[in-house]
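Reading through the structure tokens given below for one structure.
Rule-based calculations on the coordinates, nothing more; no lab input. Just so you know, these numbers come straight off a predicted model, no measurement behind them. Methodologically, a virtual Cβ is constructed for each residue, glycine included, from the backbone with ideal geometry; neighbour enumeration extends over all protein chains shown.
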Amino acid sequence: MTFRHRHLLGIEPLHPAEITNVLDLADRYVDLSRAPHKRSDALAGLTQINMFFENSTRTQASFEIAGKRLGADVMNMSMQASSIKKGETLIDTALTLNAMRPDLLVVRHPHSGAVNLLASKVNCAVLNAGDGKHEHPTQALLDALTIRRAKGRLHRLTIAICGDIAHSRVARSNLILLGKMENRVRLVGPPTLMPSQIGEFGVEVYDDMAKGLEGADVVMMLRLQKERMDGGFIPSEREYYHRYGLDSEKLAHAKPDAIVMHPGPMNRGVEIDGTIADDINRSVIQEQVEMGVAVRMAAMDLLARNLRSERDTNTEGTMV
Ligand code: NCD
């Protein structure tokens, strides 16, 4: 099973066949996770450190469970209460942790590019758990797995990604992945929340939900990233919900069997109507969470295999 990378920093460097490999392995880890004895020794003897420089509930829990299910020694570092507050630089923190010889480093950071920088300073495998507005590769992979299982395929689907595109690393990683797998991607949202160079990605852009959702197979809603906004991007939450919040009237424009997704955490009544989010016939939000654990197990397993074979042969520079 090929996945020739030392790190998982983004979807950008992945080949479509590698994406398929991660998802195939993740399917097997869904079965393991549903079994009474949820345990493999794929990461036995390895140390996984989760470093979250930004708040996270589900992603951190998901990586922790994934590591434990595969037998790794998992440690969570609360970076909010760490030496960063005492003025230590990111690089010094990385070098200190590196000296403790972890094998897998899972990093979330508020600045785009910070995880790539850190990866260049350590000699373990680094997984990006979200960096600023840049990438969130395991989220895009778990979304892809959820779509593939719900729709039976991951190509030639019409997928509408809606809402705060400009501030969203989830949107960015997803549109790269879904484009690589030859889907039709539409971005729907107010012009103030649309990135300026969006044309480069080969996507269709809409500022009207009815038009953007017309005939869609998948409707992916995004959280309004208020913590990344420094001004008036929307007139008011009420107005935003009226124009862009997913309710049954807007959803009626999508295909009758369209699925509804949201990466969480959700703002009910802002970007999505709570009834739709809870509708088990339409919403796959809980499946996304379940697939998250399986995808992270698969990603860490594949990186650990590379790490082990690299250490065995002791050759350097063969992986990117
Ligand atoms: C996303 C994130 O952190 O980028 N959440 C997540 O990983 N579950 C999306 C968000 O915060 O809105």
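Here are a few things to note about the model shown:
Quick grid of which residues meet (1) more than 16 Å from the ligand (Cβ to nearest atom); (2) among the basic types (K, R); (3) out of contact with any Phe, Trp or Tyr (no Cβ under 6 Å at 6 or more places or on another chain):
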position: R156; (1), (2), (3): yes, yes, yes
position: H167; (1), (2), (3): no, no, yes
position: S173; (1), (2), (3): no, no, yes
position: L177; (1), (2), (3): no, no, yes
position: V185; (1), (2), (3): yes, no, yes
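- Each residue in segment 189-203 was checked for being part of a helix (DSSP H, G or I) and closer than 17 Å to G232 by Cβ, and 3 of them qualify.
- Selection of segment 11-69 for residues being part of a helix (DSSP H, G or I), within 16 Å of the ligand (Cβ to nearest atom) and touching a His at 6+ places or on another chain (Cβ under 9 Å) yields only T59.
- When the residues of segment 115-140 are filtered to those that are assigned to a helix (DSSP H, G or I) and within 14 Å of the ligand (Cβ to nearest atom), the one that is surrounded by the fewest Cβ atoms within 10 Å (Cβ to Cβ) is A140.
- Residues that are away from the ligand (no atom under 16 Å from the Cβ) and either farther than 23 Å from I276 by Cα or surrounded by 15 or more Cβ atoms within 10 Å (Cβ to Cβ) (or both) within segment 220-237 comprise D230, G231, G232, P235, listed in sequence order.
- Qualifying positions in segment 256-296 - within 11 Å of the ligand (Cβ to nearest atom) and not charged (D, E, K, R): H262, P263, G264, P265, M266, N267, I285, Q288, V289, G292
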